[in-house]
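Everything below concerns the one structure shown next.
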Amino acid sequence: MRHVAEVTEERGEPAAVVRRRIVVLVPCYNEEAAIARVVADFRACLPDAVVYVYDNNSTDRTVEVARAAGAVVRREPRQGKGHVVRRMFADVEADVYVLVDGDATYDAPSARAMIARLVEGGLDMVVGARRDQEEAAYRPGHRVGNRMLTGFVARVFGAPFVDMLSGYRVFSRRFVKSFPVLSSGFEIETELTIHALNLELPVAEIETPYFARPPGSVSKLSTWRDGLRILANIVRLYRAERPLPFFGWIGAALAAVSIVLAIPIFITYVERGVVPRFPTALLSTGLMILAWLAVACGLVLDTVTRGRREMKMLAYLAHKAAGETAREPTVGEQRP
């Protein structure tokens, strides 16, 4: 693996003192029309970085074009961006990872600023928030869906992002090597974001230009299908990471229905001394039992989740931060 000083004063950029291994990871599926430009742009902006293109069962000439452009090409047979990201994170060794889509819509020069922000701030993830440069770059349906999903995650997890679904990100090694990828498709961006928020990792967001696809390149996203998959994934992650409020709300809803059903029965019993609607009384009782069971499940799973979160944090802390060096301080010298 070649080494690179991400930013230097000679280039007129913020100073950095540590030479690091940087890789560019590009998941691809039928991007013959765009991949050569992506590889060339990132090789020009980060000349010492290694560009990896992971092909995901492309039926066009993506592999040949990427290899001719100078990328290291590998394959992932399991279909879906999540599977590709899992394979890339497991296989590739580096200090700083740049993850970008292979459709030539993201601005390669922005990678230098994103890497500098990551290293100098000791961060674990920097997200490139998309800023449209062309009217056709960002479809209205995708824009609205992104805002809705980002707003939902912000309310639930306290997200500091404005573009949660961006495919342009820079990661530290300790984030990549401690991240358990569970998603299989385009919901991987959601999982990356929620993982960082759940562990309260240091993250940031930088605005980057966003361009339309080049001629011949076609989007693989379906506004409704992938939007619903992402929403379902958010709910699943909320259940897994916040079980007590999730099951608590279910318990509260069941208890409210039970009480509504029980009130007229109770009034009739007080007035007449009889229970005229016995099946309704049984239903109300059953719903209340289910409500308490839901709350109990939430309490048990909350304890389990805390244990899982501790294990994730231990795995995360086993790696050095992006801004740290391998040298230990000498006697009398303070740590940075």
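Structure notes:
- Taken over segment 105-120, the criterion of being open to solvent by 10 Å² or more (accessible area, probe 1.4 Å) and within 25 Å of E31 (Cα to Cα) is satisfied by Y106, D107, P109, S110, R112.
- Segment 264-284 - residue that is among the β-branched types (V, I, T) and open to solvent by less than 90 Å² (accessible area, probe 1.4 Å) and, of those, nearest to the chain's Cα centre (by Cα): T280
- Taken over segment 67-89, the criterion of being of a type in the set (G, A, S) and free of Cβ contacts under 8 Å to residues at least 40 places away in the same chain is satisfied by A68, A69, G70.
- Residue match in segment 28-50 (condition: in contact with a Leu (Cβ under 9 Å, 6 or more places away or on another chain) and farther than 19 Å from S172 by Cβ): no
- Some residue of segment 235-247 being free of Cβ contacts under 8 Å to residues at least 24 places away in the same chain and either closer than 30 Å to D132 by Cβ or aliphatic (A, V, I, L, M) (or both): yes
- Yes/no for L25 being in contact with a Leu (Cβ under 6 Å, 6 or more places away or on another chain) and within 29 Å of H319 (Cα to Cα): yes
Condition check ((1) in a loop (DSSP other than H, G, I, E, B); (2) on the phi > 0 side of the Ramachandran plot; (3) at pLDDT 90 or above; (4) surrounded by 14 or more Cβ atoms within 10 Å (Cβ to Cβ)) across all residues:
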position	(1), (2), (3), (4)
F247	no, no, yes, yes
S258	no, no, yes, yes
G286	no, no, yes, no
E324	yes, no, no, yes
R327	yes, no, no, no
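The values are calculated or read from the model by the stated rules, or taken from the named source; none is laboratory data. Note that the structure is predicted; figures quoted are calculated from it, not measured. So basically every Cβ, Gly included, is an ideal-geometry build from the backbone, and we count neighbours across all protein chains shown. Only protein heavy atoms, including side chains, enter the accessible area calculation; ligands, DNA and RNA are left aside. Shrake-Rupley method; radii C 1.70, N 1.55, O 1.52, S 1.80 Å.
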